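Student: I'd like to ask you about the structure that follows.
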Amino acid sequence: MAGPHLQQPSFLLATLKADCVNKPFAQRCRDLETVIEELPAKELHGIFPWLVESIFGSLDGIIVGWNLRCLQGRTNPNEYSVALDFLDPSGPMMKLVYKLQAEEYRYDFPVSYLPGPVKASIQEQVLPECSLYHNKVQFPSSGGLGLNLALNPFEYYMFYFAISLITQKNSPVTHHVSPSNSAYFILVDTYLKCFLPTEGSVLPPPSSNPGGAIPSPTPRSPAVPFSSYGMHHTSLLKRHIAHQPSVNADPASQEIWRSETLLQIFVEMWLHHYSLEMYQKMQSPHVKLEVLHYRLSISSKHHGSPAQSSYQALHAYQESFKPTEEHVLVVRLLVKHLHAFSNSLKPEPLSPSAHSHTASPLEEFKRVVIPRFVQEKLYIFLQHCFGHWPLDASFRAVLEMWLSYLQPWRYAPEKPPQSTEPLPRSVSEKWAAFIQENLLMYTKLFVGFLNRALRTDLVSPKNAFMVFRVAKVFAQPNLAEMILKGEQLFLEPELVIPHRQHRLFMSPTLGGSFLSSRSPAVTDASFKVKSHVYSLEGQDFQYKQMFGTEVRNLVLKLAQLICQAQQTAKSISDHSAETMASQSFFSWFRFTPSEANGSYTGNDLDEIGQDSIKKTDEYLEKALEYLCQIFKLSEAQLTQMMMKCGTAQDENGKKQLPDCIASENGLILTPLGRYQIINGLRRFELQYQGDTELQPIRSYENAALVRLLFRLSSALNERFADQMEVLCSRDDFVGRLCRYHLTNPQLIQKIRYSPVVRGRTSQNWGPRISLRFLASYRTLISLLMIYFLASWFYVGPVGCTFIILTGYFLYAVIMTFFFEAWKPHEH
């Protein structure tokens with residue numbers, strides 16, 4: 001994708017393309033290293049675009065390239081190490097980049113593959129805010145289609161590297177891939193440590209000219225007339241080299257240019273998929289109503305076409321961007337490193353004059369890297385994830401990224417003081433400014449998490465753990481107090497704050513680079529908090545207090561759901577324990593009488609095990625304790641909630657009915673009751689109230705055998721009905737034995753008091769033989785195992801049958817003696 005001034009593909013390019021088919025991966029990399037070392041930049045210039053595309057894949061996702069996102073050392077150790085060495089900051093590929101950078105070559109990158117907001121603004125001839133795009137937009141060549149960016153080699157390489165995380169979503173995966181162990185993830189970490197170092201300075205790029213340095217990009221006149229979002233300011237790089245020749249540029253300027261460019265590319269490619277204006281429009285009640293109307297019209301499109309205005313509103317305000325879990329993990333890596341990078345800032349000198357002479361460009365960069373480059377776009381990215389991510393355990397990646405941003409003190413260089421008691425570390429007052437200037441990150445996203453948690457199944461250990469994690473982070477000593485202080489500063493009455501001054505003060509991306517003319521120092525903390533909130537949410541934003549009544553009610557609802565989930569988990573645990581305790585040897589063979597209901601009222605936790613149920617209870621208990629600390633919930637409120645949760649228990653005190661109200665027509669579900677049923681937290685006790693022989697065929701039964709055995713048992717019951725009636729009417733042990741195994745007391749009780757059932761099953765009142773248990777697959781397998789063992793010990797089929805019948809008879813006698821011997825006979 002080089003510019004039109006490039007020559008046709010050379011013989012070198014054709015040879016390298018042929019090697020991709022005929023040579024193994026390691027050999028190709030060695031050959032490329034030799035070519036890069038020996039050939040001049042003029043010849044390497046023609047193969048650079050092809051080489052970048054062959055490594056990172058094509059922009060349309062058709063060419064996979066080296067598939068770095070699926071390349072792991074555990075599965076392909078040789079290719080893994082070769083790829084990392086080749087793409088290392090000091091490896092052959094970066095040497096090629098710097099060699100081409102010295103000649104000031106340019107390569108075209110199509111605007112159509114940029115993130116949506118940037119693409120839209122460039123196509124509308126509006127200059128994006130980020131300085132990364134300034135002086136780079138080019139008209140299409142004669143016969144060409146679309147706009148292009150003219151990028152230098154370093155920018156071109158990093159553009160492809162960053163955007164491959166977005167475009168290469170359908171890569172072939174033949175095994176389970178851990179994103180944090182992939183070659184791509186390791187390279188991101190390596191580039192961040194190299195170009196945004198927490199210690200020392202950025203290593204200078206290697207140069208083939210011993211007496212010179214790699215020049216920084218020179219300004220180019222724009223080829224398209226653009227208007228801008230905001231004011232134009234010079235970048236830090238331009239400020240430091242404005243009066244210097246480009247060939248002998250200051251090394252400090254060189255390191256800042258690469259650091260700034262790398263970070264801008266990562267943020268633009270990974271986070272800038274919703275513009276600030278787009279986000280603020282989406283918060284408008286009118287737009288929300290239009291989008292809701294469109295979604296409702298989708299459900300009725302079979303009956304009529306959706307409204308055109310709603311359709312246009314959805315496409316005008318909503319972009320189809322779905323980040324993957326791997327994408328979120330990479331962004332979290334970026335956030336963690338930026339915290340460490342920013343926290344490595346050297347303490348400011350006491351004298352202000354000394355500061356202006358001693359602060360290096362890299363130190364200035366550390367000072368403003370998060371508020372100027374990351375804050376706005378990350379906030380919008382998190383808002384999108386909180387609102388659109390599925391309600392499942394994969395949200396854990398988004399949650400951890402959010403919590404990493406909220407805790408910059410975790411990545412500070414100072415170590416916590418050693419203590420003999422494992423007490424939680426208090427948040428220092430020096431982070432109050434960060435919390436106040438990121439107030440919405442703490443408060444509004446916390447409310448968004450509450451709304452998600454209220455719609456999830458907290459009985460699941462993974463969901464319970466997420467609630468525990470958030471509660472634990474916000475319960476850190478002194479954190480809630482500092483958030484409350486930030487809210488109080490925002491709610492203070494403002495004196496005179498001009499309408500546009502909000503946007504100008506805390507919109508650092510206006511004008512692009514971070515060394516824009518620095519705003520005068522503002523000491524009013526209230527003004528800073530208001531500027532932060534209004535710049536992200538707009539002037540008409542109605543702030544919802546985290547410690548206000550509305551959010552407190554949401555917390556109380558969550559606490560109530562936690563109590564309900566704890567009781568549900570306990571009932572599941574008790575049910576599993578009773579089931580295990582009541583199991584016997586013959587019950588495994590299904591030789592016990594069938595239950596009248598035959599339904600199971602358990603939960604997925606039964607398959608997970610008792611350990612997971614115990615963990616769920618521990619997570620929920622600690623989460624409830626942390627929520628009480630954060631919002632100062634009293635013991636009386638908790639006791640009242642616990643009593644309210646316990647009122648719906650049934651007569652056994654274990655199974656809870658869904659929340660409902662009594663009416664003249666019976667029980668009516670409340671919205672809470674519907675939520676409990678949908679999420680499996682509670683359920684009504686449903687029982688089959690008919691003839692047990694006529695129950696639906698179960699998945700563990702053989703359908704043909706069920707029907708055959710029903711016919712056989714019906715014939716036996718009809719043939720020996722009188723004899724069985726006489727046996728059951730006896731008062732001795734034989735009568736009790738026959739009544740226990742040939743009658744169904746539950747069905748008889750229902751028949752006596754139900755005229756509907758009585759009319760349908762009156763012929764089945766008396767004793768009868770049931771052979772349906774023989775149709776169970778478990779029973780069939782058990783019988784086959786017994787016959788196999790019998791043949792192994794040469795018992796023979798007759799002896800085996802005798803053993804089975806004898807064992808079942810003894811089991812029946814014992815069960816009759818224990819359960820029926822003391823019961824009076826009912827005539």
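The values are calculated or read from the model by the stated rules, or taken from the named source; none is laboratory data. Predicted model only: the values in this text are computed from it and were never measured. Neighbour counts run over all protein chains shown; Cβ positions are idealised from the backbone, glycine included. Surface areas here come from the heavy atoms of the whole protein model, side chains and all, with no ligands, DNA or RNA. Shrake-Rupley method; radii C 1.70, N 1.55, O 1.52, S 1.80 Å.
Student: What is the packing order of peptides 615-624, 263-272, taking the mean over residues of other C-beta atoms within 10 Å and listing the highest first?
Tutor: The packing order, highest mean first, is 263-272, 615-624.
Student: Give me Rg over Rh for region 59-171, both radii from the alpha carbons and Rh done the Kirkwood way, two decimal places.
Tutor: 1.02
Student: Please give, to one decimal in nm, the separation of the simple spin-label points placed at residue 727 and residue 455, each 7 Å out from Cα toward the Cβ.
Tutor: It works out to 6.0 nm between the two label points.
Student: Between residue 199 and residue 677, what is the FRET efficiency for a Förster distance of 45 Å, r being their Cβ-Cβ separation, to the nearest 0.05?
Tutor: 0.20
Student: Further question: Report the paramagnetic label zone for residue 611: residues of region 427-469 whose backbone N is under 19 Å from a point 7 Å from Cα along the Cα-to-Cβ axis.
Tutor: What the label zone holds, given the 19 Å backbone N cut-off, is 460-466.
Student: Ranked from highest to lowest mean number of other Cβ atoms within 10 Å per residue, what is the order of the peptides 157-163, 13-19?
Tutor: Going from most to least packed, we get 157-163, 13-19.
Student: Report the label-to-label distance for residue 112 and residue 360 in nanometres (one decimal), using points 7 Å from each Cα along the Cα→Cβ vector.
Tutor: 4.4 nm
Student: Expected output is a single nm value to one decimal: the length gained when fully extending between residue 714 and residue 181, i.e. 0.36 nm times separation in residues minus the C-alpha distance. What is it?
Tutor: Full extension of this stretch gives 185.4 nm more.
Student: Using R₀ = 35 Å, calculate the FRET efficiency as 1/(1 + (r/R₀)^6) where r is the Cβ-Cβ separation of residue 684 and residue 557; round to 0.05.
Tutor: 0.95
Student: Let me check against my output: what whole-number percent is the relative contact order of region 40-190, with C-alpha pairs under 8 Å and at least 6 apart?
Tutor: 34 percent
Student: When only the heavy atoms of the protein chains count and the probe is 1.4 Å, how do 634, 259 rank by accessible area, highest first?
Tutor: Heavy-atom accessible area, descending, gives 634, 259.
Student: Taking 45 Å as R0, compute the FRET efficiency from the Cβ-Cβ separation of residue 570 and residue 430 and round it to 0.05.
Tutor: It comes out at approximately 0.55.
Student: Let me ask something else about it. Solvent-accessible area per residue for region 1-97 at a 1.4 Å probe radius, Å²?
Tutor: 50 Å²
Student: Starting with the highest mean, order 386-398, 550-562 by the number of other Cβ atoms within 10 Å, averaged over the residues of each peptide.
Tutor: Per-residue Cβ counts within 10 Å, averaged per peptide and sorted highest first, yield 550-562, 386-398.
Student: Could you tell me the relative contact order of region 20-98? Use alpha-carbon pairs under 8 Å, at least six residues apart, and round to a whole percent.
Tutor: Over region 20-98, the number comes to 28 percent.
Student: Under the 0.36 nm per residue contour assumption, what length would be gained going from the current alpha-carbon distance of residue 126 and residue 368 to full extension?
Tutor: 84.6 nm
Student: Determine the gain in length on full extension of the stretch residue 10-residue 189; use 0.36 nm per residue of separation and subtract their C-alpha separation, reporting nm with one decimal.
Tutor: 60.9 nm
Student: Using the basic label-point model (7 angstrom from Cα toward the beta carbon), what is the residue 734 to residue 545 distance in nanometres?
Tutor: For residue 734 paired with residue 545, the spin-label model returns 8.4 nm.
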